[in-house]
Amino acid sequence: MSNSHHSPYSTRIGDRELRPESLMMSYGYRPELSEGALKCPIFQTSTFVFNSAEEGKAFFEIVYGRRQQGPGEELGLIYSRLNNPDLEILEERLALWDGAEKSAVFESGMAAISTTLLTFLRPGDVVVHSEPVYGGTDFLLKQILPQFGIRPVGFSARDSRKALEQLLLDREIRRHLAMIYTETPANPTNDLVDIAHCAQMAQEHSRPDRRVLVAVDNTFLGPLWQQPLKHGADLVLYSATKYIGGHSDVIAGVCLGSQELMGQVKTMRTILGTMAGPWTGWLLLRSLETLKLRMVAQTENARQVADFLASHPKVERVYYLGHIQPDHPQYDIYRKQCTGPGGMISVDIVGGEAEAFRFLNHLRLFHLAVSLGSTESLAQHPATMTHSDVDPEERQEMGITEKMVRLSIGVEDAEDLIADLEQALAAV
Ligand SMILES: *Cc1c(COP(=O)(O)O)cnc(C)c1O
């Protein structure tokens with residue numbers, strides 16, 4: 001018999017709508033289906049047993065879209081490439097943060113991005129994208145998609161409204177536009193792209209037979225400090241390897257959006273086989289319980305670290321959203337779109353590559369590694385590491401110079417982090 005007193009899908013107590021952080025430990029999980037276990041077990045199984053042949057037939061009819069799910073009819077479990085309890089519960093919980101109808105989890109951020117782009121782009125289409133974007137995404141857009149007849153056209157994240165409108169004056173781009181893809185804040189410069197403006201442009205260039213979609217990679221600020229669906233985006237993407245996973249111990253990705261769009265993404269995911277496994281799903285369920293705690297602590301630490309860096313004579317410039325002032329050209333975007341500055345800081349060290357390397361080589365508490373968003377603080381050199389594949393001229397234009405270092409701030413003690421930065425800067 002059930003020992004739970006309420007539906008696992010209830011999000012209210014009386015009139016009160018519960019916040020996601022209160023629901024991360026229980027939402028969508030029914031202990032009575034798992035021997036009363038408080039925690040969701042790892043369903044490490046490839047396949048599921050049907051109660052009868054008729055039931056198996058019914059599940060397949062629904063999952064392959066041969067008929068609609070009846071009222072009150074549950075789609076049962078079939079095979080772990082199609083569905084698995086760890087993934088289903090995780091997807092329900094992830095959707096709460098972004099206010100999405102549905103989400104889909106993948107075995108990497110790149111699996112989420114590539115599966116989503118392959119779902120919605122077809123030969124002849126144009127995908128307009130902000131620059132810079134994550135290196136893997138850049139390669140997908142510029143090297144892989146053109147082999148399928150899909151044309152990428154970039155616009156600068158620095159002055160994005162003007163740059164995007166300029167591009168859309170081109171008749172050929174307008175005629176074939178299928179998607180506006182953006183990553184904001186941009187990595188590693190923290191430039192902001194106006195999501196609502198992208199949505200407005202997409203709407204203006206949609207045709208009755210073809211809706212232009214807006215997809216936003218929300219890895220840097222989401223889901224706590226930026227929720228793109230609320231600003232008109234159609235699809236939100238994550239490398240869950242970063243803040244969502246948060247412990248540098250798992251690679252995973254997420255796509256979120258409306259039921260209609262996510263149905264298409266999930267069909268593609270089933271066929272490409274890019275879904276996450278149950279163990280990855282379970283790790284992310286665990287991570288979600290502390291997502292807010294971690295992101296708040298990282299953001300608090302970053303503020304102290306950024307203030308210290310801004311006042312240091314060996315630091316030429318600090319790129320940090322918490323320092324955006326009203327006279328900054330992207331101030332209004334920050335105010336309407338972001339609810340916090342997050343934990344990513346880039347700095348220009350006085351000098352060049354040699355000085356930046358000396359600084360990196362002397363760090364002791366910070367780890368010298370790419371990736372971001374985890375409990376431990378990380379430091380890396382974009383020009384020779386994460387962005388070394390970008391054309392050198394384009395890299396300069398994006399402001400990614402030899403003197404730039406990118407920091408991801410963790411949950412350590414802020415004064416310990418500052419002590420580490422201070423001694424490493426002294427060595428420069
Ligand atoms: C890391 C990252 C990705 C790729 O995610 P993986 O999990 O490494 O596949 C995509 N976008 C952004 C912004 C990232 O930081």
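The values are calculated or read from the model by the stated rules, or taken from the named source; none is laboratory data. Please read all numbers here as calculations on a predicted model, not as lab measurements. Cβ atoms come from the backbone with ideal geometry, glycine included; neighbour counts cover every protein chain shown. Just the protein is used for accessible areas: all its heavy atoms, side chains included, with ligands, DNA and RNA removed. Shrake-Rupley method; radii C 1.70, N 1.55, O 1.52, S 1.80 Å.
Annotations
- Loop-resident trypsin sites (Lys or Arg not before Pro) (DSSP state other than H, G, I, E or B) in region 44-95 with no more than 15 further Cβ atoms inside 10 Å of their Cβ: R66, R67.
- Averaging Cα coordinates gives a centre for region 357-371 and one for region 46-123; these two points are 41 Å apart.
- Residues whose amide H comes within less than 5 Å of that of G154, counting only those at least five positions distant or on another chain, are H129 (H built at 1.01 Å from N in the peptide plane).
- Per residue, the chain exposes 45 Å² of accessible surface when a 1.4 Å probe is rolled over the protein heavy atoms with every protein chain present.
- Among the protein heavy atoms of the chain, carbon and sulfur supply 52% of the accessible surface, probe 1.4 Å, non-protein parts ignored.
- Projecting the Cα atoms of I195, Y79, S114 onto the charge dipole of the chain, computed from C-beta unit charges around the Cα centre, puts Y79 farthest toward the positive end.
- Largest-first ordering by accessible area, 1.4 Å probe, given options K336, K314: K336, K314
- Degrees, to the nearest 10: 53-63 long Cα axis against longest axis of the chain: 40
- In a simple Cβ point-charge model (Lys, Arg +1; Asp, Glu -1; nothing else charged), region 291-426 has a dipole of about 360 debye relative to its Cα centre.
- For the chain, the number of Lys pairs separated by eight or more positions or lying on different chains, with C-alpha atoms closer than 15 Å, is 5.
- What the Cβ-Cβ distance of K162 and A37 gives, at R0 = 51 Å and to the nearest 0.05, is a FRET efficiency of 0.40.
- Folded to 0 to 90 degrees: helix 278-289 orientation relative to the chain principal axis, Cα: 60
- Within the shell defined by Cβ-Cβ distances under 10 Å, the residues around A252 carry a net charge of 0, with Lys and Arg each +1 and Asp and Glu each -1.
- Using R0 = 35 Å, the C-beta based FRET efficiency linking E204 and R67 works out to 0.40.
- What you get for the chain, charging only the Cβ of Lys and Arg (+1) and of Asp and Glu (-1), is a dipole of about 900 debye around the Cα centre.
- Nearest-20 debye value, region 85-288 charge dipole, Cβ charges on Lys, Arg, Asp, Glu: 380
- Value of [θ]222 nm, deg cm²/dmol, for the chain, DSSP H segments ≥ 4, -39500 (n - 2.57) each, nearest 500: -10500 deg cm²/dmol
- Cα gyration tensor, the chain - rounded (a/c under 1.5), prolate or oblate: oblate
- The label point for E300 and the one for T47, both projected 7 Å from the Cα toward the Cβ, are 5.1 nm apart.
- Cβ-based net charge around F359, under 13 Å, with every Lys or Arg adding one and every Asp or Glu removing one: -2
- When both region 153-172 and region 199-236 are represented by their alpha-carbon centers, they are found 16 Å apart.
- DSSP-assigned coil residues among GluC sites (Glu not before Pro) in region 14-51, each with at most 11 further Cβ atoms within 10 Å: E35
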